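K.L.:
Would you mind keeping the following structure in view while I ask a few things?
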Amino acid sequence: LVTSFLLLGILLLLSGKTKRNEIFTRPLAALHHGSLIAWGMLAFTLGWWTVYRAPILVNRTDNPRRAVEERYAKRGSIVDETGALLAVSTGSPGSYQRDYPRPESATVTGYDSFTYGLSGLESVMDGLLRGSEGDDPIAIWWSQLTSGHPPPGSDLRLTLDYRLQKAAADQLVGYQGGLVLLEAQS
């Protein structure tokens, strides 16, 4: 507001036709043009960050808004062809967390973690699982507008058979690159 009034005062000084104003006309005109250029550059920069870069910044896995959104918007489940859960969101709105009941399928399903980011299908199908992509863009937009979060994510059914994946993981235990499962000690 102060800057706007200052520029308004400069414009009023430039608009007068007195002899005293002619001394200040050239430096004030340069100041005026410089201010216009600076405001134009500022508007361009803010527009670039808010329009062009906004989707990229919002989708970064280290974005705190994303972590808050994950707690309030239920992420879709990932199931194998028999319906066995490979990844599921548990809890209630405000405290959702991602669980992986079948760790043997981790090489395919991947993980969704604020600390470590995304991998596997969790990364590839992130928009669909989060609910930010889907069949009805108007419903997504309306949910974002009214609640600040996308609608619940869509579930994903794979052609993967969990039993075959477990058998393969069991055969690889002990080999380099094989899956190592840690047992909880009581």
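K.L.:
Among the residues of the range 80-125, count how many are in contact (Cβ under 8 Å) with a residue 60 or more places away in the chain and assigned to a helix (DSSP H, G or I).
P.N.:
Number satisfying all stated conditions: 5.
K.L.:
Any residue at all in the range 175-185 that's free of Cβ contacts under 8 Å to residues at least 40 places away in the same chain, open to solvent by less than 90 Å² (accessible area, probe 1.4 Å) and not hydrophobic (A, V, I, L, M, F, W, C)? Talk me through it step by step, then tell me what you get.
P.N.:
Looking only at the range 175-185, we keep the residues that are free of Cβ contacts under 8 Å to residues at least 40 places away in the same chain, and these are 175-178, 180, 182-185.
Among the residues that remain, those that are also open to solvent by less than 90 Å² (accessible area, probe 1.4 Å) are: 177-178.
Of the ones still in play, those that are also not hydrophobic (A, V, I, L, M, F, W, C) are 177-178.
So far as the range 175-185 goes, yes, one or more of its residues are free of Cβ contacts under 8 Å to residues at least 40 places away in the same chain, open to solvent by less than 90 Å² (accessible area, probe 1.4 Å) and not hydrophobic (A, V, I, L, M, F, W, C).
K.L.:
Can you find a residue in the range 117-134 that is among the polar types (S, T, N, Q) and closer than 21 Å to ALA54 by Cβ?
P.N.:
Start the filter on the range 117-134 by keeping residues that are among the polar types (S, T, N, Q), which leaves 119, 123, 132.
Now narrow it down to the ones that are closer than 21 Å to ALA54 by Cβ: 123, 132.
Yes, that holds for at least one residue.
K.L.:
One residue is enough: does the range 153-167 have a residue meeting the conditions acidic (Asp, Glu), open to solvent by 80 Å² or more (accessible area, probe 1.4 Å) and within 16 Å of LEU85 (Cβ to Cβ)?
P.N.:
Within the range 153-167, the subset acidic (Asp, Glu) is 155, 161.
Now restrict to residues that are open to solvent by 80 Å² or more (accessible area, probe 1.4 Å): 155.
Subsequent filtering for residues that are within 16 Å of LEU85 (Cβ to Cβ) retains 155.
Yes, there is a match, as at least one residue in the range 153-167 is acidic (Asp, Glu), open to solvent by 80 Å² or more (accessible area, probe 1.4 Å) and within 16 Å of LEU85 (Cβ to Cβ).
K.L.:
Within the range 89-148, take every residue that is of a type in the set (A, V, I, L, M) and out of contact with any helix residue (DSSP H, G or I) (no Cβ under 8 Å at 6 or more places or on another chain) and give me the one that is least open to solvent (accessible area, probe 1.4 Å).
P.N.:
Taking the range 89-148 as the starting set, the residues that turn out to be of a type in the set (A, V, I, L, M) are 106, 108, 118, 121, 124-125, 128-129, 138-140, 145.
Checking which are out of contact with any helix residue (DSSP H, G or I) (no Cβ under 8 Å at 6 or more places or on another chain) leaves us with 124-125, 128, 138-140, 145.
Working: VAL124: 111, MET125: 59, LEU128: 49, ILE138: 123, ALA139: 46, ILE140: 27, LEU145: 106 Å².
Checked the range 89-148; the qualifying residue least open to solvent (accessible area, probe 1.4 Å) is ILE140.
The values are calculated or read from the model by the stated rules, or taken from the named source; none is laboratory data. Keep in mind that what you see is a predicted model, and the values were worked out from it rather than measured. Neighbour counts are summed over all protein chains in view; Cβ atoms, including those assigned to glycine, are modelled from backbone coordinates with ideal geometry. Ligands, DNA and RNA are stripped out before the accessible areas are found, and what is left, the full protein with its side chains, is counted by its heavy atoms. Shrake-Rupley method; radii C 1.70, N 1.55, O 1.52, S 1.80 Å.
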